Amino acid sequence: MDEVDLVVVGFGGAGAAAAITAHDAGARVVVCEKQAAGAHTPSTRMSGGLVMAVDDAGKGAAYLDACAGGMVPADVTAAWATSATDVLDWLRTTAGLTFSRINTAEHPDLPGADAVGVHQPGDAAFRLDPTAGGGDALFAAVAAAVHERGVDVRWATPARRLIVEEGRVVGVATDTGPLRARHGVVLSCGGYEFDEDLKRDNLRAHPVHFYGNPGNTGDGVRMAQAAGAGLWHMNTMIGRAIGHFPLESAEGGWLNFIIDIDPPGHVIVDRRGERYANETMQAQLLHGFYYEMLRYDYDRAAYSRIPSWWVFDERRRTAGPLTLAHIGAVKVGLYDWSPDNSAEIERGWIARGDTPAQAAAAAGMEDPEALARTVAEYNAACAAGVDPLGRAADTLVPLDSPPYYCVPLYPGGSNTCGGPRRDAAGRVLDPYDVPIPGLYAAGELGQPVGMLYPADGANLSEAFCFGRIAASTALAD
């Protein structure tokens, strides 16, 4: 029977940080990764590669508290903020990465926002630049630091159960046998983006789809529950409006994509063909628009904005792909989106028509004529330079270049946030807030994000920060 000092479950950003931290403290570490090496798509790799850092721990904690909306204890956000003050230095010394500050907090009016910055590896560049290395390059550097240390990464080795003896987690059960850990187990195996039952039972609406790691199927939630863990903020997620499209392969299935509606010349409407919110949040890839999509119509017993419909014209179709090549499925080779969107039109993912109503009918909208009226009203607003939903005048580009296109959009995003409750030291807690001996967590699995996503790169910041925190605590306990 194998026995090591620490077992880390999941080889993403959080797992890498935990493994490096434990190894550098003199521990023998094994990382169990469910995916094969040649099919490894951790969320860190699928991300944009941005990292949120904090200039002042006190102000950063105040900002994270405000974003959490009371869903995360203050000492947990304080631990994150403190670790985030040196996360860039840690990445520099550990993985040879340098960073440039490119953006600020997503909610600048909240207290402490001025202490939060968004950083991109390398020289400063536009954050959506598809030529930038993104998460693929960032994860490659961090993974290289793991391998250079000789850490034992066991590919295609999913952890099936935690081994609990006399109330203490002492290892994991795998298909190749039990693996014991003297100092316990760090769960860093992602959320439940691809577990339909967990999403239906816990998120604020259904269906909700995600463009993050397809391997995130709720394994950590179930393992932690079976070991007695309590759960927290299972209804939270990092949200946007996303594309969800069927595959034509023999086994069927779907692919999900981050959707870039820019440049201007677009509207987003509900199932009745009516605009309902300022589309600028989605155009800027901020994380608030999805809240607008969650309305439940109790008269019709249905979500009136799921799906929503994005309508645009030939100008946007020829401007470039509807998704981002450096984030998500395209980045890791799950799909190759055509430069002019022609392949996706052929697949039926993008409906086309000579008029807005024809495009709406081709897409299967309930009332194509209502969509035609909405487009006419939007074009009139463009002519007047005033939008009733508050879009800035420079975003009011009319839809007047046929043909027209219609794409369904769903609430979704990169990842879920809920999972096993943890304390400020990364210990997993039971339903009475008592630490479960030998069990720790980091990353998307129960990450301390509540109502609002703090800033671009907060996911990676939390992963690297709590990966380090959890490993250090495990070795000290």
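The values are calculated or read from the model by the stated rules, or taken from the named source; none is laboratory data. The shown structure was predicted, so the numbers you read here are calculated from the model rather than taken from an experiment. Here the Cβ is made from the backbone with ideal geometry for all residues, glycine too, and neighbour counts use every protein chain on show. These accessible areas exclude ligands, DNA and RNA; they are computed on the full protein's heavy atoms, side chains included. Shrake-Rupley method; radii C 1.70, N 1.55, O 1.52, S 1.80 Å.
I'd like to check something: does region 8-23 contain any residue that is at pLDDT 95 or above and open to solvent by 50 Å² or more (accessible area, probe 1.4 Å)? Let's see the steps before the verdict.
Step one: filter region 8-23 for residues at pLDDT 95 or above, giving 8-23.
Checking which are open to solvent by 50 Å² or more (accessible area, probe 1.4 Å) leaves us with 23.
Looking for residues that are at pLDDT 95 or above and open to solvent by 50 Å² or more (accessible area, probe 1.4 Å), one finds at least one in region 8-23, hence yes.
Cβ separations smaller than 6 Å between residues 6+ apart or across chains give the following pairs from region 138-164 residues that are crowded, with 19+ Cβ neighbours inside 10 Å to residues that are outside any loop (DSSP other than H, G, I, E, B) and modelled with pLDDT under 95: Leu138/Pro121.
If you go through region 70-96 and keep only what is open to solvent by 40 Å² or more (accessible area, probe 1.4 Å), among the hydroxyl-bearing types (Ser, Thr, Tyr) and not in a loop (DSSP other than H, G, I, E, B), you end up with Thr82, Thr93.
Listed by first and then second residue, the pairs linking a residue in region 28-43 that is open to solvent by 30 Å² or more (accessible area, probe 1.4 Å) to a residue that is among the β-branched types (Val, Ile, Thr) and not in a loop (DSSP other than H, G, I, E, B), with Cβ atoms under 8 Å apart and 6 or more places separating them unless they lie on different chains, are Arg28/Val4.
Applying the condition of being free of Cβ contacts under 8 Å to residues at least 40 places away in the same chain and in a loop (DSSP other than H, G, I, E, B) to region 277-301 and asking which residue is least open to solvent (accessible area, probe 1.4 Å) yields Ala301.
Residues in region 434-458 that are under 21 Å from Gly69 (Cα atoms) and open to solvent by 30 Å² or more (accessible area, probe 1.4 Å): Met451, Leu452.
What tally of residues in region 400-433 results from selecting those that are closer than 30 Å to Thr318 by Cβ and open to solvent by 10 Å² or more (accessible area, probe 1.4 Å)? Total meeting the criteria: 8. Filtering region 75-97 to residues that are without any contact (Cβ under 8 Å) to a residue 60 or more places away in the chain and either closer than 18 Å to Gly419 by Cα or of a type in the set (Lys, Arg) (or both) leaves only Arg92. Just to verify a result, which residue in region 247-276, among those that are in contact (Cβ under 8 Å) with a residue 12 or more places away in the chain and acidic (Asp, Glu), is most open to solvent (accessible area, probe 1.4 Å)? Going through the qualifying residues, I end up with Glu248. For the condition assigned to a loop (DSSP other than H, G, I, E, B), at pLDDT 95 or above and touching a Cys at 6+ places or on another chain (Cβ under 9 Å), Asp400 qualifies. The single condition among (1) crowded, with 24+ Cβ neighbours inside 10 Å; (2) farther than 24 Å from Asn216 by Cα that Glu3 does not meet is (1). When Leu255, Leu334 are checked against the criterion of being assigned to a strand (DSSP E or B) and either small (Gly, Ala, Ser) or under 20 Å from the mean Cα position of the chain (by Cα) (or both), Leu255 stands alone in meeting it. Looking at Asp367, is it more than 30 Å from Ser472 (Cβ to Cβ), acidic (Asp, Glu) and open to solvent by 30 Å² or more (accessible area, probe 1.4 Å)? When the stated conditions are applied, Asp367 passes them.
Taking the condition on the phi > 0 side of the Ramachandran plot, open to solvent by 20 Å² or more (accessible area, probe 1.4 Å) and small (Gly, Ala, Ser), does Gly190 pass? Let's see the steps before the verdict.
Values: on the phi > 0 side of the Ramachandran plot: yes; open to solvent by 20 Å² or more (accessible area, probe 1.4 Å): no; small (Gly, Ala, Ser): yes.
Judged against the criteria, Gly190 is not a match.
Total residues in region 460-475 satisfying the condition of being of a type in the set (Ser, Thr, Tyr) and open to solvent by less than 10 Å² (accessible area, probe 1.4 Å): the figure is 1. Condition test on Asp477, is it acidic (Asp, Glu) and under 25 Å from Val164 (Cα atoms)? Yes; evaluated as a whole, the condition is true for this residue.
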